1. Take GLY255 and decide whether it is of a type in the set (Gly, Ala, Ser), buried (at least 16 other Cβ atoms within 10 Å of the Cβ) and farther than 30 Å from ARG105 by Cα.
2. Take segment 87-99 and flag every residue that is over 24 Å from ASP165 (Cα atoms) and either assigned to a helix (DSSP H, G or I) or open to solvent by less than 10 Å² (accessible area, probe 1.4 Å) (or both).
3. Residues VAL181, VAL227, VAL223: which one is touching a helix residue (DSSP H, G or I) at 6+ places or on another chain (Cβ under 7 Å), under 23 Å from SER120 (Cβ atoms), among the β-branched types (Val, Ile, Thr) and surrounded by fewer than 20 Cβ atoms within 10 Å (Cβ to Cβ)?
4. When both residues are 6+ apart or on different chains and their Cβ atoms are under 6 Å apart, which pairs have a first residue that lies in segment 105-131 and is more than 23 Å from ARG245 (Cα to Cα), and a second that is open to solvent by 60 Å² or more (accessible area, probe 1.4 Å) and of a type outside the set (S, T, N, Q)?
5. Quick check on GLU117: is it surrounded by fewer than 21 Cβ atoms within 10 Å (Cβ to Cβ) and either among the β-branched types (Val, Ile, Thr) or at pLDDT 95 or above (or both)?
6. For segment 258-275, name all the residues that are open to solvent by less than 40 Å² (accessible area, probe 1.4 Å) and hydrophobic (A, V, I, L, M, F, W, C).
7. Any chance you could count how many residues in segment 184-194 are assigned to a helix (DSSP H, G or I) and either polar (S, T, N, Q) or surrounded by fewer than 20 Cβ atoms within 10 Å (Cβ to Cβ) (or both)?
8. With assigned to a helix (DSSP H, G or I), modelled with pLDDT under 85 and either open to solvent by 70 Å² or more (accessible area, probe 1.4 Å) or in contact with a Pro (Cβ under 6 Å, 6 or more places away or on another chain) (or both) as the only criterion, which of ARG53, ARG40, ARG46 stands out?
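The values are calculated or read from the model by the stated rules, or taken from the named source; none is laboratory data. Quick caveat, the model's predicted, so the values are computed rather than measured. We place every Cβ from the backbone using ideal geometry, glycine too, and count neighbours over all the protein chains shown. Note: areas computed on protein heavy atoms with side chains; ligands, DNA, RNA excluded. Shrake-Rupley method; radii C 1.70, N 1.55, O 1.52, S 1.80 Å.
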Amino acid sequence: MTTGSGTAPAPPEATPPAEASAAARPAAEPPVTAGPPAARRGSYRRLSVEARRAELLTAALDLFAHRAPEDVSLDDVASAAGASRPLVYRYFPGGKQQLYEAALRSAADELERCFEEPRSGPLSARLSRVLDRYLGFVDEHDAGFSALLQSGSVAETSRTNAIVDEVRRAAAEEILLHLAVKEPGARLRMMVRTWITAVEAASLIWLDEGKRPSLAELRDWLVDQFVAMLTATAATDPQTARVLRAAVRMEPAEGPVGRLARRVVPALGEASHLLS
């Protein structure tokens, strides 16, 4: 999956004069005397700067998770957080674009954490746990995940593209650490990064297909894809071949790799003539 940059980013929402002056005032939260009851209650709660900002980001993330960025307004975020529009501007004076980028950064940090896993035990089991967390994030954020990672969002900028690409690179580096290679060569690095791209693409297709097959089936298929890609690369790259042999030695016969091998051998039964 790729993130395009052909669509011009949406300009930040203009800050009305009153809101601009509010954004410039010190960190103390001003009382609000107008607006719906939820907004009045939210503005009277005395929170630290960090807590209030986190509250606004949480509300924004929830909205971006279920709606495309261009369909979310600052008023929507203010209402969801029980705050006022001037208060949102106070913490994000750049308007919706700044809020969106901050929310994306928060989501990216969560996605990167999905790939953190203790480096012990069979590799297939580690990959399964990583994918359980990653696909759980995709499932929870469905529409927002599509909007963040597909091209064409009006909120897209070079900065948002860089944040998304950072997740890909961090994920690839974590996987390479699990392969225990100090200096991975070009082919092994390409294989891992290609698999990360395949995981992203499969996640988007899974959402487009109405979340079918089940998450467990998708996870197991993606683990199989990793093993298949590693095996294909090992056929022509000595470094990857060493990695594959080390990984296979740790796999139990009844684990995912063993099951895949028992399925593949019969499937290739009609290919014996290729070995002559």
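1. Yes, satisfied.
2. Answer for segment 87-99, where residues must be over 24 Å from ASP165 (Cα atoms) and either assigned to a helix (DSSP H, G or I) or open to solvent by less than 10 Å² (accessible area, probe 1.4 Å) (or both): LEU87, VAL88, TYR89, ARG90, TYR91.
3. VAL181
4. CYS114/ARG133
5. yes
6. If the condition is that a residue be open to solvent by less than 40 Å² (accessible area, probe 1.4 Å) and hydrophobic (A, V, I, L, M, F, W, C), then LEU260, ALA271 are the ones that fit.
7. Counting residues in segment 184-194 that are assigned to a helix (DSSP H, G or I) and either polar (S, T, N, Q) or surrounded by fewer than 20 Cβ atoms within 10 Å (Cβ to Cβ) (or both) gives 6.
8. ARG40
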